[in-house]
Structures are given as C-alpha cells and as structure tokens.
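**Q** Sharing a structure, written as structure tokens. Questions coming.
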Amino acid sequence: MAAITVVGSLNMDLVIRAPRRAVKGETLIGGTFGMTGGGKGSNQALAAARLGAASRMIGSAGNDDFGFRLKNVLEDSGVDCANIYFHDDISTGVAVITVTEDGDSSIILSQGANSRLDFIAIERCESLFKSSDAALFQMEIPPETVAAGLRLAKQCGCKTFLSAEPPFSLPQDAWNCIDCMILNEKALNFYISGHKNESPSREKIAEMVEQIKSRGVRDVVVTQSAEGGWVFAHNKKPFKFEPFAVRVVDTTGARDAFCAGLCVALSEGMKFEDAARFASAAGALACTKIGAHPSLPWRGDVEKLLADSDEDF
C-alpha cells in the first residue's frame, strides 16, 4: 500500500444545476441544489484513500459545521485527518458551483481558512513526509506554502506531484522539487506565456512542455478533458492516453480523481502507461455522479472499468 500525503484545500461545495450560465445582470432559474464536500486537496486525499492508498491530509478549515462535516467524510473513507488545523476566526472555504446540462461546471471560490495554511503548519508535518512515498499538492492554498511544502517533501525523500490548478507563479527553486506536474492546456499556456485563456496546438504543447522541464520538472502530464491527454516522462517517448466513454453527469472532481489516481498508481510502481490509464478511468468515473466527494470512485470500480474496456477491445 502506498503512503501518500496530500497538502491542500478543504471546501464545502454549494452546487446548483442550470440550463446554462447566467449572463451579466441576469437572474436565471436553476434546477436542483446540493451541498457536498470538495476542495482540490480534500478531493485528492479522499480519492487516494478510495483508490487504495494510506492517505494523509494536511489542510486548514474553520472551526465550524462545514469543517467538521468535511473531516467526517474524509475519515469515513480512511483518510488520516490528524493534521487538519481548525481556526476559530475564519470560516471553512466555500465553492459556489454551477453545473450546466452538458455536465460542464464553473466555480467561484472563497478561500476562507485555506489561506491560513502556512509553512509553519507544513513544517510540523516533517515526520509525515518522511514516512510517505509521495506528496501531492494543488494550488488552492497560498503559492508560497506550496513552494515550501515541495521543498520539504523533496528533502524528506517523497516523490512530489503538483496538480497545477488554478495556476499561480512559483519561485524557481520550487520547480526543481517537482517530480511530476499535472496541468491542463490553459495552465500550461499560463506558465509559459502568462495567458490562460488559450489552448495551444499539439506541436506547441510539446514545445511548451520542454520549457517546463527545463525549469527542473522531471515528468509532465497535460490533460485535455474529454480528449484524454499526453504524458511527457523523463527519458521516454511522449505518448497520448485515451479517455473512457462514460455518461457525463458532472465533471466536478474528475481532474482530482485523475491526479490522485496517477499519484497512487505511480507510487505503487506501475509503468507510466498503465498509471495514466488507471488515472483516466478514475477521472471518467468521477464524471458519472453529481458533486465532488460523492463522485470519487473506489478502486474496485476503477478496476472493473479497466477490465470491461479490455474485454471490449
């Protein structure tokens, strides 16, 4: 069993379904409403546990009902929550999510207590990193905390993963501490050109990835949502991984399931080709249910999808 420490955000997701996104000044009548656990950090910690890892969460929440609910959900799936810090003077992070009829989603995030996760909190967890096979980070906590955490995890011998979403600048020395960076095309564009509203061509992706790797990153995975994605691993020929065909209900949490799946699979020693396929199956299954936490798949479901796909092939 791989031991994975996840450093990141905890949010309560307020989700409403709507026929489309409202335009400026418009009040749009939506559909069903739901409240589920979320935050890229807690999503990935929960997914890692459900996919078979010994998952540990480092995060920050408010001393409120949302914070306790999130902790309970994580612990119910086996996540070690001993290093979630609770604050009396700030609320738990909240994400307001609109899910359209095609299953696509848009999110407005209030960081709340996530903004309080600092290097002091990370430093207290040095022994946790030393006993972990991998450390998995995202960008919904302060970038300087991410950078400090990457440095410490690397010093402690962890294989480091960064899910670079939402994209924020990092100091140069932090890039040297990233073993595997997972990002979409728009984030890739941001880190190279400073713009995140454009998707580069296939040829341009390869050029941009080389620039990312020249900063010290060992492996880069570029996700392309429903089109799968590309893996640019150290000393390997780039390869494309294909998506799995599922009925999309809600894409919230799909990327987090993918990132956790990749981290778990590589930490277990899978080859990159098999790990990318495992992660892609986890991401696909997360699209079949509403909400982040409720949609994160269990390992048995991922293995069944992989086996069924092999039979169809």
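A short reminder: the numbers here are calculations on the coordinates, not readings from a lab. It should be emphasised that the depicted structure is a prediction, and the values quoted were computed from it without experimental measurement. Glycine also receives a Cβ, built like all others from the backbone with ideal geometry; neighbour counts cover every protein chain displayed.
**Q** Alpha carbon centre of the stretch 111-131 versus the stretch 1-49: separation in Å?
**A** About 22 Å separates the Cα centre of the stretch 111-131 from the one of the stretch 1-49.
**Q** Return the Rg/Rh ratio of the stretch 1-133 with Cα-based radii and a Kirkwood Rh.
**A** Result for the stretch 1-133 is an Rg/Rh of 1.04.
**Q** Could you pull the Rg and Dmax for the stretch 158-272, using just the Cα atoms, both in Å?
**A** In Å, with Rg to one decimal and Dmax whole: 13.7, 42.
**Q** Still on this structure, please answer the following. For the stretch 56-164, which trypsin sites (Lys or Arg not before Pro) are in a loop by DSSP, counting at most 13 other Cβ atoms within 10 Å?
**A** Answer by residue number: R124.
**Q** OK, next. Would you please calculate the Kirkwood hydrodynamic radius of the stretch 253-313 over all C-alpha pairs and express it in Å, rounded to one decimal?
**A** 11.4
**Q** Report the full-extension gain for the segment S131 to V248: residue separation times 0.36 nm, less the Cα-Cα distance, to one decimal in nm.
**A** 38.4 nm
**Q** Let me ask another. Quote the convex hull volume per residue of the chain, based on C-alpha atoms, as a whole number of Å³.
**A** 133
**Q** Please identify the GluC sites (Glu not before Pro) of the stretch 20-125 that satisfy two criteria: DSSP loop assignment and at most 13 other Cβ atoms within 10 Å. Which are they?
**A** Those satisfying the criteria are E26, E101.
**Q** Return the loop-located trypsin sites (Lys or Arg not before Pro) in the stretch 224-305 (DSSP other than H, G, I, E, B) with at most 16 other Cβ atoms within 10 Å of their own Cβ; answer none if there are none.
**A** In loop regions of the stretch 224-305 (DSSP not H, G, I, E or B), the sparsely surrounded trypsin sites (Lys or Arg not before Pro) are K236, R247, K271.
**Q** What's the extension gain from I192 to T27 if we count 0.36 nm per residue and subtract their Cα-Cα distance?
**A** My answer for the length gained is 55.6 nm.
**Q** Now for a different question. For a label point 7 Å from the Cα of R20 along Cα→C-beta, name the residues of the stretch 97-123 whose backbone N is under 14 Å from it.
**A** Label zone hits: 100-102.
**Q** Using amide H atoms built in the peptide plane, which far-off residues or other-chain residues are under 5 Å from V248 H to H?
**A** Hits under the 5 Å cutoff: none.
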